[in-house]
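Single-structure report; data block below.
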Amino acid sequence: MRKAFITGITGQDGRHLAEFLQTKGYKVYGMMKGQYNPRAELLRDEFPEVEVVPGDLTDLTSLVTALEYVQPDEFYNLGAISFVAMSFNQAELTANVTGLGVLRALEAVRMVGGAQNNPIRFYQASSSEMFGKVRETPQTELTPFHPRSPYGVAKVFGHDITVNYRESYGMYACSGILFNHEGPRRGLEFVTRKITNTAARIKLGIDKEIVLGNTDAKRDWGYAGDYVKAMWMMLQQDDPDDYVIATGETHSVDEFLTLAFEKVGLGDFHQYVKHDPKYLRPAEVDLLIGDPSKAEKKLGWKREVGFDQLVDMMVKHDIAYETHRLKKI
Ligand code: GDD
């Protein structure tokens, strides 16, 4: 049985990936930090077959111990402080977890190694935030980076150190430069889920308005379930490489709002939206749009869920989710 080790197991991508790898017959191990992690119970309920292993990206020894125990075939490093807005307030923590955490993970892989003819294959969750103030459109694997947040800067370090370890030590290490990917498992702090969840709550009479920051920002939004397949595909190739994973389409936050409010049956969103400068970021990423042609050609990957279908799926989920919560009150 092939074994996969995932950091960030309780996050949106960790859960999608665990689900996908289980359908492929993998035994999945998920690293979890903390003495009492409130997400542990939720994970156990959703994935009783995932084995939780203690460890922390800020503690190299714990990573080595975890890998010695698991002896994985594949290591997916999805753990990070992943909320861009928070990274401005906790820049040092972000650098330590999201940036240096990758170095520690690579060092742990180098130390534990895996069987001689079956070295551990490493996946790093790189991000389109690295493109930041974009130098060209659409963005490809060769577009220079210009990060606009402590999170983006930390991700650039993680990306570059992954490439460096591959080139220096011949490690099988890949970086997936993933553009925004969403779905019903998205955290409520991210703008797409905040919109679909609040639209559902307004529709059900729980909330009256939604308070947002910059709604002109444009993103290339795909479905997380499609994107975790690309992670796995990268690790099945003969040679390690880096790939952009995106839809090749861009939409503004305003467009997302329009569609979500229409789908929920509230009509024009403008009457429900308020703006608060507290949601503005010190530096913004105005436009992201990725070119996934390398992944399509070399991996045979293609996104299946389009923008309209994504919004639809999230809105339907949130109506059901909030209705269920109402019944419990
Ligand atoms: N979160 C949030 N909340 N964002 C808002 C709001 C709000 O109330 N109002 C406007 N926005 C704008 C942000 O300023 C940003 O331009 C855009 O909506 C998207 O914000 P997020 O959903 O927080 O995502 P992100 O693009 O900053 O980062 C996500 O995508 C990256 C890939 O490009 C995260 O998932 C990162 O971890 C990921 O690397």
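The values are calculated or read from the model by the stated rules, or taken from the named source; none is laboratory data. Predicted model only: the values in this text are computed from it and were never measured. Quick reminder, even Gly has a Cβ in these numbers, built from the backbone with ideal geometry, and neighbours come from all protein chains shown.
For Ser168, the requirement of being modelled with pLDDT of 95 or more, touching a helix residue (DSSP H, G or I) at 6+ places or on another chain (Cβ under 6 Å) and either away from the ligand (no atom under 12 Å from the Cβ) or under 20 Å from Asn96 (Cα atoms) (or both) is not met. Only a single criterion out of (1) of a type in the set (D, E, K, R); (2) within 13 Å of the ligand (Cβ to nearest atom); (3) not in a loop (DSSP other than H, G, I, E, B) is not satisfied by Arg201, namely (2).
Given the structure, is Gly25 among the small types (Gly, Ala, Ser), modelled with pLDDT of 95 or more and touching a Leu at 6+ places or on another chain (Cβ under 9 Å)?
Here the answer is no, as Gly25 does not meet what is asked.
Looking only at residues in the range 118-136 that are touching a strand residue (DSSP E or B) at 6+ places or on another chain (Cβ under 7 Å) and part of a loop (DSSP other than H, G, I, E, B), the one that is nearest to Asp242 (Cα to Cα) is Phe131.
Leu17 fulfils the conditions (1) closer than 17 Å to Ala105 by Cα; (2) in a helix (DSSP H, G or I); (3) touching a helix residue (DSSP H, G or I) at 6+ places or on another chain (Cβ under 6 Å) except for a single criterion, (1). It is to be established whether one or more residues within the range 144-160 are in a strand (DSSP E or B) and not aromatic (Phe, Trp, Tyr). No; the residues of the range 144-160 include none that is in a strand (DSSP E or B) and not aromatic (Phe, Trp, Tyr).
Of the helices (runs of 4 or more DSSP H) lying entirely inside the range 26-114, those containing at least 2 residues that are buried (at least 17 other Cβ atoms within 10 Å of the Cβ) and touching a residue at least 60 places away in the same chain (Cβ under 8 Å) are 60-70, 84-89, 101-112. Cβ-Cβ under 6 Å, sequence separation 6+ or interchain: first residue in the range 223-236 and within 18 Å of Pro119 (Cβ to Cβ) and outside the structural domain of His16 (by TED's automatic domain parsing), partner outside any helix (DSSP H, G or I) and polar (S, T, N, Q). Which pairs? The qualifying pairs do not exist here. Can you pull out the residues in the range 97-136 that are more than 16 Å from the ligand (Cβ to nearest atom) and within 15 Å of Asp56 (Cβ to Cβ)? Matches in the range 97-136: Leu100, Leu103, Arg104, Ala105, Glu107, Ala108.
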